[in-house]
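Presented below is the structure to which this report refers.
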Amino acid sequence: MEAASPAAGRGRLAEIFRFALVGGVNTGTFFGCYLLLHPWMPYFAAYSLAFVLSMIGSFFLNTYFTYRTRPTWKKFALFPLTNVTNYLVQSVGLYALVTWAGMDDRIAPLVAAVVAIPFTYLISQRILVPRNNGQDTDGSGPGSETDERQPSRLA
């Protein structure tokens, strides 16, 4: 097994940094939308709509900026799995940290959120980044003109 080149390692680190940056923007977008919507609708409706709007924004920021790939309807349909993964890892982590590790329940959600980041990153990368595994025969898969990594206009 070959070791990754230093340039590949720097590229991966830059991608992780962009992912974290998009996460911060997404959190701000969610909270801003929630605050704007809350006076006009019940809090849970505002929360849900803000969540959906920020997830759509996150999808486009992650495709164009983080992973520098083209968005597709298939990726868009699969992208909510990243949020489900994040929720599950955070929930299990929160429960384990409070119940088994005895961590303060005011701090545990932050720790659980940090623990969830690598899982969310890996799932989003798996969904959004084309892979060339040599099995594509119809010309529409990874590496094709319809689904290749492109330089981002946002970066």
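Read-outs throughout are calculated quantities, based only on the coordinates presented, and are distinct from any laboratory measurement. What you see is a predicted model; the values in this text were computed from it and never measured. Cβ sites come from the backbone with ideal geometry, for glycine too, and all protein chains shown count toward neighbours.
When the chain is fully extended, how far beyond the present Cα-Cα distance does residue 115 get from residue 41, taking 0.36 nm per residue of separation?
23.3 nm
Along Cα→Cβ, 7 Å out, is where each label goes; now give me the distance between the ones at residue 91 and residue 132 in nm to one decimal.
Output for this residue pair reads 4.0 nm.
In µm²/s, what is D for the range 10-59 at 4 °C and 1.567 mPa s, where D = kT/(6 pi eta Rh) by Stokes-Einstein and Rh is the Kirkwood radius from Cα pairs?
113 µm²/s
Pulled fully out, how much extra length does the chain show between residue 48 and residue 70, if you take 0.36 nm times their separation in residues and subtract their Cα-Cα distance?
5.3 nm is the gain from fully extending residue 48 to residue 70.
How high is the FRET efficiency between residue 10 and residue 122 when r is their beta carbon distance and R₀ equals 25 Å, given to the nearest 0.05?
Numbers: r = 19 Å, r/R0 = 0.76.
That gives a FRET efficiency of 0.85.
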